[in-house]
Amino acid sequence: MAKRADVLVALRKLGFGASGRRERFVVVQSDLLVGVDTVIVAPLDDDAPMYAGDPLIVRLSGVEAGTSQPQVALVHLIAAARLDRFEAVSVGRLSSRSMGLVNTLLRTVLRI
């Protein structure tokens, strides 16, 4: 059961990250949708110089992302995926502050 702000790891490549690396995603859908077969997620990537000044990312600590390296959430790349494409247990969880930043970007991207 995936909840909003949980960080999930894809069981097999979903097409975003570099080969040989585990792909991480943050759940951005409402907890009211817990129990459906799909989940809406935003991919995570290693924080890198190419993201400097990018208004569509949220910087995350490695602890939040469940990894040793700082990450960025690529909010504008949200997607729906079946839950069975992810490991059963989350590896991290975004803080309230980080999730608030994600929410702000989602509103901007989706104009809601």
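The values are calculated or read from the model by the stated rules, or taken from the named source; none is laboratory data. None of these values were measured; they are calculated from a predicted model. Cβ sites come from the backbone with ideal geometry, for glycine too, and all protein chains shown count toward neighbours.
Pairing residues of segment 61-80 that are at positive phi with residues that are buried (at least 20 other Cβ atoms within 10 Å of the Cβ), at Cβ distances under 6 Å and at least 6 apart in sequence or on separate chains, gives G66/V7; G66/G92. Entry remark, segment 77-105: residues being in contact with a strand residue (DSSP E or B) (Cβ under 8 Å, 6 or more places away or on another chain) and part of a helix (DSSP H, G or I) number 7 in total.
Residues are listed down the side, and each one gets a yes or a no for (1) among the hydrophobic types (A, V, I, L, M, F, W, C); (2) surrounded by fewer than 19 Cβ atoms within 10 Å (Cβ to Cβ):
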| residue | (1), (2) |
| --- | --- |
| V26 | yes, no |
| L33 | yes, yes |
| D37 | no, yes |
| Y51 | no, yes |
| R59 | no, yes |
| V63 | yes, yes |
| Q71 | no, no |
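Among the residues making up segment 45-62, those that are within 20 Å of V91 (Cβ to Cβ) and in contact with a Leu (Cβ under 7 Å, 6 or more places away or on another chain) are D45, I57, V58, L60. Being more than 20 Å from S95 (Cβ to Cβ) and of a type in the set (A, V, I, L, M, F, W, C) holds for only one residue in A42, A80, A65, A73, and it is A80. Scanning segment 41-68 for residues that are in contact with a helix residue (DSSP H, G or I) (Cβ under 8 Å, 6 or more places away or on another chain), of a type in the set (A, V, I, L, M, F, W, C) and within 20 Å of K3 (Cα to Cα) gives A42, L44, V58, L60. For first residues located in segment 31-55 and on the phi < 0 side of the Ramachandran plot and part of a strand (DSSP E or B), partners that are surrounded by 12 or more Cβ atoms within 10 Å (Cβ to Cβ) and of a type in the set (F, W, Y) and lie 6+ apart or on another chain with Cβ distances below 7 Å form the pairs V41/F25; A42/F25; P43/F16; P43/F25; L44/F25.
For segment 1-53, the set of residues classified as modelled with pLDDT of 85 or more and of a type in the set (G, A, S) consists of A2, A5, A10, S30, A42, A48, A52, G53, listed by residue number.
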